[in-house]
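Enquirer: The structure follows.
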Amino acid sequence: MKERTCKVCRVKFIPLKPLQAVCGLRCAQSYAWRVKTKTEVAQAKAERKEIRAKRESIKTRSQWIKEAQIAFNAYIRERDRGLPCICCQKAIEKGSGVGGTFDAGHYRSVGSAPHLRFDEDNCHGQKKQCNRYGSGRAVDYRIGLIKRIGLEKVEKLESDNEPRKYSIDELKE
């Protein structure tokens, strides 16, 4: 038979059997352990994938809304990066503070107008001080909003009271 390289210690050897992959008993034990752990890892990965799929299938609509809101807010922060705060017009400085340096602030709050929670005209980059600690600063927000999107769109936002119920498929999308 032809000379082979041991799969464990990389030493050249002449196999005694046609499917022999290792040079001796120690290497065979090590190789068997390696193969066993590989299959265990693959099984664990398949289990985790199955569990993840089950979790996805039993999520409630409110959980999907929460995930969609997180993704939407991240999109708004990225879209408005480099623009000034919508209400105080101060530059939003780059920083790595906890949760970032600015929020995706809604003009009409999600509590009072949940149907506008995913409306891009209703949500803009806003400094945390203005959004959280200044209660949204609605008057200043409106002034900044008129400058950014125009009076017509602002009035359309203010008069939009048509209820929308997002389906789970829409929220996933």
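The values are calculated or read from the model by the stated rules, or taken from the named source; none is laboratory data. Please read all numbers here as calculations on a predicted model, not as lab measurements. Positions of Cβ are backbone-derived with ideal geometry, glycine not excepted, and every protein chain shown enters the neighbour counts. Please note that ligands, DNA and RNA were not included when accessible areas were found on the heavy atoms of the full protein model with its side chains. Shrake-Rupley method; radii C 1.70, N 1.55, O 1.52, S 1.80 Å.
Results for (1) modelled with pLDDT under 85; (2) surrounded by 15 or more Cβ atoms within 10 Å (Cβ to Cβ); (3) among the charged types (D, E, K, R), shown as yes or no for each residue.
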{"residue": "Asn73", "(1), (2), (3)": "no, yes, no"}
{"residue": "Ile86", "(1), (2), (3)": "no, yes, no"}
{"residue": "Glu93", "(1), (2), (3)": "yes, no, yes"}
{"residue": "Gly97", "(1), (2), (3)": "yes, no, no"}
{"residue": "Gly136", "(1), (2), (3)": "yes, yes, no"}
{"residue": "Ile146", "(1), (2), (3)": "no, no, no"}
{"residue": "Val154", "(1), (2), (3)": "no, yes, no"}
{"residue": "Arg164", "(1), (2), (3)": "yes, no, yes"}
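Enquirer: For region 116-134, give me each residue that is open to solvent by less than 20 Å² (accessible area, probe 1.4 Å), touching a residue at least 40 places away in the same chain (Cβ under 8 Å) and under 15 Å from Cys87 (Cα atoms). I'd like the intermediate steps shown before the answer.
Expert: Here is the first cut: in region 116-134, the residues open to solvent by less than 20 Å² (accessible area, probe 1.4 Å) are 116, 122-126, 130.
Next, from what is left, pick out any that are touching a residue at least 40 places away in the same chain (Cβ under 8 Å): 116, 123-126, 130.
Scanning region 116-134 gives Cys123, His124, Gly125, Gln126, Cys130.
Enquirer: So is Ala113 in contact with a strand residue (DSSP E or B) (Cβ under 7 Å, 6 or more places away or on another chain), touching a residue at least 12 places away in the same chain (Cβ under 8 Å) and of a type in the set (A, V, I, L, M, F, W, C) or not? Give the derivation first.
Expert: On the way: in contact with a strand residue (DSSP E or B) (Cβ under 7 Å, 6 or more places away or on another chain): no; touching a residue at least 12 places away in the same chain (Cβ under 8 Å): yes; of a type in the set (A, V, I, L, M, F, W, C): yes.
The answer is no for Ala113.
Enquirer: Could you please find all residues in region 55-64 being charged (D, E, K, R), assigned to a helix (DSSP H, G or I) and surrounded by 11 or more Cβ atoms within 10 Å (Cβ to Cβ)? Let's see the steps before the verdict.
Expert: Residues of region 55-64 charged (D, E, K, R): 55-56, 59, 61.
Retained after the next criterion (residues that are assigned to a helix (DSSP H, G or I)): 55-56, 61.
The answer is Glu56, Arg61.
Enquirer: Separate question: Could you say which residue among Glu67, Glu158 is open to solvent by 40 Å² or more (accessible area, probe 1.4 Å) and over 22 Å from the mean Cα position of the chain (by Cα)? Spell out how you get there, then give the answer.
Expert: Working: Glu67 fails: over 22 Å from the mean Cα position of the chain (by Cα).
Unique residue meeting the criteria: Glu158.
Enquirer: Here's another thing I want to ask about it. Free of Cβ contacts under 8 Å to residues at least 60 places away in the same chain, open to solvent by 100 Å² or more (accessible area, probe 1.4 Å) and either in contact with a Leu (Cβ under 6 Å, 6 or more places away or on another chain) or assigned to a helix (DSSP H, G or I) (or both) - does that describe any residue in region 10-27?
Expert: Step one: list which residues in region 10-27 are free of Cβ contacts under 8 Å to residues at least 60 places away in the same chain, which gives 10-27.
Imposing the further condition that a residue be open to solvent by 100 Å² or more (accessible area, probe 1.4 Å) reduces the set to 10, 12, 14, 16-17, 19, 25-26.
With the extra rule that they be either in contact with a Leu (Cβ under 6 Å, 6 or more places away or on another chain) or assigned to a helix (DSSP H, G or I) (or both), the set shrinks to 25-26.
There is at least one residue in region 10-27 that is free of Cβ contacts under 8 Å to residues at least 60 places away in the same chain, open to solvent by 100 Å² or more (accessible area, probe 1.4 Å) and either in contact with a Leu (Cβ under 6 Å, 6 or more places away or on another chain) or assigned to a helix (DSSP H, G or I) (or both).
Enquirer: Further, regarding this structure: Among all residue pairs at least 6 apart or on different chains, which show Cβ distances below 6 Å where the first residue, located in region 86-106, is on the phi < 0 side of the Ramachandran plot and aromatic (Phe, Trp, Tyr) and the second is crowded, with 21+ Cβ neighbours inside 10 Å and at pLDDT 85 or above?
Expert: Between residues of region 86-106 that are on the phi < 0 side of the Ramachandran plot and aromatic (Phe, Trp, Tyr) and residues that are crowded, with 21+ Cβ neighbours inside 10 Å and at pLDDT 85 or above, the close pairs are Phe102/Gly125; Phe102/Lys127.
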